[in-house]
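> Would you mind keeping the following structure in view while I ask a few things?
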Amino acid sequence: MKPSIIFLSCFFLLVYVINPSFGQEVKFPWPEGKKMALSLSFDDARASNPTHGIPLLNEVGIRATFFVIPQSVRNNLKGWQQAVESGHEMANHSIIHPCSGNFVWSRNKALENYTLDKMREELLQANFEIENLLGVTPTVYAYPCGQMYVGSGQHAQSLIPLISELFVAGRGWLAEAPVDPLYADMAQLTGIEMDNKTFEQIKAYIDQASQSGQWLVLAGHETNDSGRQTTYLETLRQLAAYVNDPENGIWVAPIGEIADYVQATRMAMADTVNMPQLVRPTKDGKLHLTAENGRGVGPRIEYMPDWRAFGWFTGKDRVEWEVDAPQIGTYQAVMEWSVSDKESGKGFVFESSKDSIRGQVERSGSWETFKTLSIGKLMLNGGYNKLVFRPEDDFGAEGALLDLKQVTLIPVY
Ligand SMILES: [Zn+2]
C-alpha cells in the first residue's frame, strides 16, 4: 500500500469516527462541573476492612462501597456497624458467594446448578440479613467472581434482568474500561481491579476516565500493607491525596449514590440526546421511532436538540432505525414532521427489507409547526428489522426534505 493511500484510509477512518451523524457529541454533566466520577468498592467483607481499610478511608474522608457477605459481617459486627455510621455503603454480594464450578472450591455451590428463582430467594435473604445486622437495605450488587449467569449450555440464563429488577446497579469484575455514564447498562457496571496495584497503575485508569468524562469503579478485597487479593494501604493513601485535590475534578462517592445520580440525569437528558439504540415495543405493541433513537447517516443530517428532530439538508441524508418488532405483520406508520411551504412536496421513502412506503412531504405550515399524519402501512419481520427514511430522489446539496420528529408504528397485523 502506498503511503498516500495509508494516509487517506486513516483520514476516512477518522471522519467516520467523528462524523456527528453517528451520534450527537454529548458530554455527561457531573455535579459541580467535575471531570469524572470515582467509586471505591471492596468485596466479601474481608477481616482487614474494618480494622485497617475503613479507619484509613475515614481519615482521608472517602466513603466507599462494601459488598458484604452476612456471615462475614458477623465476625466483626461492631466494626461493620461503625462503618455504616461513618457513611460507607453496605451492598449485596449474595449469601454464599456462588461462582462457576470451574473453580473447584465452588463446585458445591456452582452457578451451573442454580436456577433464577433460587438466586432471587438468596439475594432477598442476603438483603434481609444485612438489614437485620446493619440497619441498611442494599441497593447495589456485585456479582460473585463477576459471573452473570446461572445454568449451563442450553439451560444457561442471564442474571442481569434479575439484578436490574432488584437493584439500582450491579457491578462486575476484572473489566478493562470505566463506565460510560451515557450508555452503560447499570446492571453491568464494569469493575476494575485495584488489588496489588501501585497508585501509578491505578492513575492510568483515572486519567482514562477523566479524559472521557467517565465513571471509574475500582474493586478490591483485603485492605492491608501486603498479601494476596489486597488493596495496599499506601496505594489508598496516595489515591486519596490525588482525588481529594480539587484541581483534579473528581467526584468520589459510593456506587449507589453515583448510580442514582446517573439514572436521574439520564432521564432528564433523554428527550434531548441522540443516542441510536434498538427500538423495543411498548406494552401495546407500538414502536416509537424517534429522532433520539435513530441514526442519522449522510453528509449533513443533524439531530437538533432544540426541536427534538432530525434536520435534512442534502439529498444523500437518511435516518436508520433498528427495531425489535413484536411480530411479523403490517404496521400503520404515523409521521410527525415540519417543513416550510417552500421546501415541501419532495418525495420520501420509508422502507423495511420487506416493504416500503412512498409519499410526498405535505405542508405543515412552517419549520416551527409540527404535524402528525398517517403515511401508510408497512410490513415488518417479527424480531429484528432495519428501517430507513430517505428522500426518494437526490435533490442535491441545496434545500431540505423535512424536519422529522418521529414515526410511530402501530400494529394492525
Ligand atoms: Zn467476592
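> Where Rh is the Kirkwood radius over the Cα pairs of region 274-342, the temperature 10 °C and the viscosity 1.306 mPa s, what D in µm²/s does Stokes-Einstein return?
Values: Rh = 13.4 Å.
It comes out at roughly 118 µm²/s.
> Still on this structure, please answer the following. How much length is gained on full extension from residue 96 to residue 283, taking 0.36 nm per residue of separation minus their Cα-Cα distance? Please report the intermediate quantities before stating the final value.
Details: separation 187, 0.36 × 187 = 67.32 nm, distance 3.70 nm.
That works out to 63.6 nm of additional length.
> How big is the C-alpha Rg of the chain next to the rule-of-thumb value 2.2 N^0.38 Å, as a ratio?
Details: Rg = 25.9 Å, N = 413, 2.2 N^0.38 = 21.7 Å.
Here the Cα radius of gyration is 1.20 times the empirical estimate.
> Could you give the C-alpha radius of gyration of region 53-186 expressed as a fraction of 2.2 N^0.38 Å, taking N as the number of residues it contains?
On the way: Rg = 15.7 Å, N = 134, 2.2 N^0.38 = 14.1 Å.
The reported ratio for this selection is 1.11.
> So which trypsin sites (Lys or Arg not before Pro) in region 285-342 are both in a DSSP loop and have at most 14 other Cβ atoms within 10 Å of their Cβ?
Those satisfying the criteria are 342.
> Around residue 286, with a cut-off of 13 angstrom between Cβ atoms, what is the net charge of the other residues, counting Lys and Arg +1 and Asp and Glu -1? Walk me through the numbers before you get to the answer.
Details: positive: 280, 283; negative: 284, 324.
Result for the neighbourhood of residue 286: 0.
> If you count, for each residue, the other Cβ atoms within 10 Å and average over each peptide, how do 251-262, 130-141 line up from highest to lowest? Walk me through the intermediate numbers first.
Working: 251-262: 21.8, 130-141: 18.4.
Taking the mean over residues of other Cβ atoms within 10 Å, the ranking is 251-262, 130-141.
> Which percentage, to the nearest 5, of the DSSP beta bridges contained in region 23-269 is antiparallel? Kindly include the intermediate steps, with their values, before the conclusion.
On the way: 3 of 30 bridges.
In region 23-269, approximately 10 percent of DSSP beta bridges are antiparallel ones.
> Charges at C-beta only: +1 for Lys and Arg, -1 for Asp and Glu. How large is the resulting dipole of region 32-100 about its Cα centre, in Debye rounded to 20? List each step's numbers first, then the result.
On the way: 6 positive and 6 negative charges, 5 e Å.
Computed charge dipole of region 32-100: roughly 20 debye.
> Give me the lysines in straight-line cross-link reach of residue 316: C-alpha distance below 26 Å, same-chain residues under 8 apart excluded.
342, 346, 354, 371, 377, 386, 405
> Ranked highest first by the average count of other Cβ atoms within 10 Å around their residues, in what order do 117-123, 344-350, 214-220, 42-48 fall? Display every interim value, and only then the final one.
On the way: 117-123: 15.0, 344-350: 17.3, 214-220: 25.9, 42-48: 22.6.
Taking the mean over residues of other Cβ atoms within 10 Å, the ranking is 214-220, 42-48, 344-350, 117-123.
> When Lys and Arg each count +1 and Asp and Glu each count -1, what net charge do the other residues less than 12 Å away from residue 382, Cβ to Cβ, add up to?
Values: positive: 354; negative: 324.
With Lys, Arg at +1 and Asp, Glu at -1, the net is 0.
> Assign unit charges at the C-beta atoms only (+1 for Lys and Arg, -1 for Asp and Glu), then state the dipole size of region 274-411 relative to its Cα centre in Debye, rounded to the nearest 20.
Details: 18 positive and 20 negative charges, 75 e Å.
About 360 debye.
> Pull up the cross-link candidates among the lysines for residue 35, meaning alpha carbon to alpha carbon under 21 Å and not fewer than 8 places away within one chain.
Here the lysines satisfying the reach criterion relative to residue 35 are 27, 203.
> Here's another thing I want to ask about it. Find the relative contact order for region 279-322 and round it to a whole percent, using C-alpha pairs within less than 8 Å whose residues are 6+ positions apart.
Contact order relative to length: 37 percent.
> How big is D, in µm² s⁻¹, for region 23-269 by Stokes-Einstein at 4 °C and 1.567 mPa s if Rh is the Kirkwood radius over C-alpha pairs? Walk me through the numbers before you get to the answer.
Details: Rh = 18.3 Å.
Rounded to a whole number, D works out at 71 µm²/s.
> Of all DSSP beta bridges located in the chain, what percent are antiparallel, nearest 5? If you can, show how the numbers build up before the last one.
Numbers: 48 of 76 bridges.
Here the share of antiparallel DSSP bridges comes out near 65 percent.
> Compute the length gained on full extension between residue 263 and residue 47: take 0.36 nm times their separation in residues and subtract their Cα-Cα distance, giving the result in nm to one decimal.
Working: separation 216, 0.36 × 216 = 77.76 nm, distance 3.30 nm.
So the extension gain works out to 74.5 nm.
> OK, next. Can you tell which of 339, 378, 402 lies farthest toward the positive end of the dipole of region 274-411, using +1 and -1 charges on the Cβ of basic and acidic side chains (Lys, Arg; Asp, Glu)?
Of 339, 378, 402, it is 378.
> Quick one: Cα centre-to-centre distance for region 339-369 and region 168-205, in angstrom?
First find each Cα centre; the distance between them is then 46 Å.
> Over the chain, calculate the relative contact order: mean separation of alpha carbon pairs under 8 Å at least 6 apart, over the residue count, as a percent.
Values: 925 pairs, mean separation 62.2, N = 413.
Once divided by the residue count of the chain, the mean separation gives 15 percent.
> Oh, and also: Add +1 for every Lys or Arg and -1 for every Asp or Glu among the other residues with Cβ under 11 Å from the Cβ of residue 136, and state the total.
On the way: positive: none; negative: 85, 89, 131.
Here the count lands on -3.
> For the chain, build the charge dipole from Cβ charges (+1 Lys, Arg; -1 Asp, Glu) around the Cα centre, then report which of 350, 199, 177 sits farthest towards its positive end.
Of the candidates, 350 comes out farthest on the positive side.
> Among 175, 241, 184, whose mean-square fluctuation peaks in a Gaussian network model of the chain (Cα, cutoff 10 Å)?
It is 241.
> Under 1.5 on a/c is rounded, so check that first for region 168-256, then, if it is not, pick prolate when a/b is larger than b/c and oblate when it is not; a ≥ b ≥ c are the square roots of the alpha carbon gyration tensor eigenvalues. It would help to have the intermediate numbers written out before the result.
Working: a/c = 1.94, a/b = 1.24, b/c = 1.57.
Oblate, since a/c reaches 1.5 and b/c is not below a/b.
Throughout, read-outs are computed from the coordinates displayed, never taken from laboratory work. Worth saying up front: this structure is predicted, and the values here are computed from it rather than measured. All Cβ positions, even for glycine, are placed from backbone atoms using ideal geometry, and neighbour counts span all protein chains on display.
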